[in-house]
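What follows is calculated from the coordinates using simple rules that are stated; it is not laboratory data. Being a predicted model, the structure only gives us computed values, none of them experimental. Reconstructed Cβ throughout: ideal geometry from the backbone, glycine too, with neighbour counts over all protein chains shown.
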């Protein structure tokens, strides 16, 4: 997940995500245009290039604009796949949580908040016994909601990628 200080893409609504995708695509279009313009017009200056940016009358500008546009559209497409995939995974987790016990929900919420946490840290945060934490995590691991990796004497716990 992409996190920028105070900005979490996971919590944006759909309209904001679409505006973000369009903005990034426009910036990519402009950047690609300016980067590949010297290939088509090696001796043109910056202002003449900017003035002719939307000029579709010459063959070189048509090729330049179409290349930039296609690259920007492809880039925007992949960003949209990423952004809406995050949302789909979040929705799946909400549905799955409905059938879990309260204890399992509490553990999943803690793991979700932290992103990645050790089993010992979970035990101290929830103030439960080692056995209870271990049993619940084993059950969640069996149904592929979480994954555990050995880290010294404890386990590192995180949500399953599947």
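Odds and ends about this structure:
- Estimated inter-spin distance, residue 129 and residue 69, nm [label 7 Å along Cα→Cβ]: 6.9
- Net length gained if the chain between residue 15 and residue 150 were fully extended (0.36 nm per residue, minus Cα distance): 44.5 nm
- Highest mean packing comes first when the peptides 94-102, 123-131 are listed by Cβ atoms within 10 Å, giving 123-131, 94-102.
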